[in-house]
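Student: Just dropping this structure here.
Each reported figure results from applying straightforward, stated rules to the coordinates on display, with no laboratory input. Only a predicted model underlies this, so the values are computations on that prediction, with no experimental measurement involved. Glycine gets a Cβ as well: all are built from the backbone with ideal geometry, and neighbour counts include every protein chain shown.
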Amino acid sequence: MEQHEARPVPIIDAGRCTGCRLCVLVCPTAALMIRGGIAAVADAQACTYTGHCERICPQQAISRPFQIMFIHREGNSVKAIFYPTWQERAVFSAGGPQPQILAENEKLKLIIGSLEVGQKIPTHPEALAVYHFLQGTGWMIVDDERYPVSPGATVITPEGAKRGVEAETRLVFLATRIA
């Protein structure tokens, strides 16, 4: 069986990059260059994304796109799934949340949840779950405790805890429920 490994190339924020060349100097594959005074990906195929460029950037202008991958193992009822970008799975609806199931079996349920400004998911008890916020700002409520959330925030909710989500701006999160 052919193995296909997709590696993301770094995303360079031109507004933050000062052209210091540090990323170019540490790139082990020469995939980066300075073009027009800012860093750019010169050879996407060569990039192995070791993360050196991201870690050395003093302006935090280099990041890696968030990707979702499931790897199939023998005896696992979930097949391998690859989503290069989460944006293609986020569904916003004026009628309310439209969670998109990415994977599900007897032990795990993985969804992308998307809320419009002001929308809420009322508090409800649920199994152990991990929520990772990808876009927007809002609040995660766990057993009447309110936690501010923004991109990169992760909230782990214990089994049986009442949890809910409120969106201040368009909000997207990845929720993994574990049975």
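Student: Charges on Cβ only, +1 for Lys and Arg, -1 for Asp and Glu, centred on the Cα centroid of the stretch 139-179; of Phe173, Thr157, Val142, which one is farthest towards the dipole's positive end?
Tutor: Phe173
Student: Here is a further query. Count the net charge of all other residues whose Cβ sits under 12 Å from the Cβ of Leu115, scoring Lys and Arg as +1 and Asp and Glu as -1. Don't jump to the answer; show the numbers that get you there.
Tutor: Working: positive: Lys120, Arg170; negative: Glu116, Glu166, Glu168.
Neighbourhood net charge equals -1.
Student: Let me ask another. If Lys and Arg each add +1 and Asp and Glu each add -1, what is the summed charge of the other residues whose beta carbon sits under 12 Å from the beta carbon of Ile38? Numbers along the way, then the final one.
Tutor: Working: positive: Arg16, Arg21, Arg35; negative: Asp13.
Taking every Cβ under 12 Å from that of Ile38, the sum is +2.
Student: May I have the count of lysine pairs in the chain with C-alpha atoms under 19 Å apart, counting pairs 8 or more residues apart or located on different chains? Let's see the in-between values first.
Tutor: Values: Lys79/Lys107; Lys79/Lys109; Lys109/Lys162; Lys120/Lys162.
Lysine pairs, 8 or more places apart or on different chains, close enough: 4.
Student: Given a Förster distance of 35 angstrom, what is the FRET efficiency for Asp13 paired with Ile81, based on the Cβ-Cβ distance and rounded to 0.05? Provide the component values of the computation, followed by the final result.
Tutor: On the way: r = 29 Å, r/R0 = 0.82.
Step by step, r from the Cβ atoms, then E = 0.75.
Student: What does the charge count near Ser63 come to, summing +1 for each Lys or Arg and -1 for each Asp or Glu among other residues with Cβ under 12 Å from its Cβ? List each step's numbers first, then the result.
Tutor: Numbers: positive: Arg16, Arg55, Arg64; negative: Asp13, Glu54.
My count for the surroundings of Ser63 gives +1.
Student: Based on Cβ point charges of +1 for Lys and Arg and -1 for Asp and Glu, what charge dipole magnitude is obtained for the chain about its Cα centre, in debye rounded to the nearest 20?
Tutor: Details: 17 positive and 17 negative charges, 72 e Å.
Dipole of the chain, to the nearest 20 debye: 340 debye.
Student: How far apart, in nm, are the 7 Å Cα→Cβ label points at Val91 and Ala44?
Tutor: According to this spin-label approximation, the distance is 2.8 nm.
Student: Would you work out the relative contact order for the chain, in percent, from Cα pairs under 8 angstrom that are 6 or more residues apart?
Tutor: It rounds to 17 percent for the chain.
Student: Students often check this: by mean Cβ neighbours within 10 Å, which of 156-166, 99-109 ranks highest, and how do the rest follow?
Tutor: Details: 156-166: 16.1, 99-109: 13.8.
The peptides rank, most packed first, as 156-166, 99-109.
Student: Any idea what log10 I(q)/I(0) is at q = 0.17, 0.23, 0.29 Å⁻¹ for the stretch 11-63, Debye with uniform C-alpha scatterers and no solvent?
Tutor: Taken in order of the listed q values, log10 I(q)/I(0) reads -0.40, -0.76, -1.26.
Student: Restricting attention to the chain, give the cysteines that have no other cysteine Cβ less than 4.7 angstrom from their Cβ.
Tutor: If one checks each Cβ against the other cysteines of the chain, Cys17, Cys20, Cys27, Cys47, Cys57 turn up with nothing under 4.7 Å.
Student: If you don't mind, there's one more thing I want to ask. What span do the alpha-carbon atoms of the chain cover on each of the three principal axes, reported in whole Å from largest to smallest?
Tutor: 51, 43, 28
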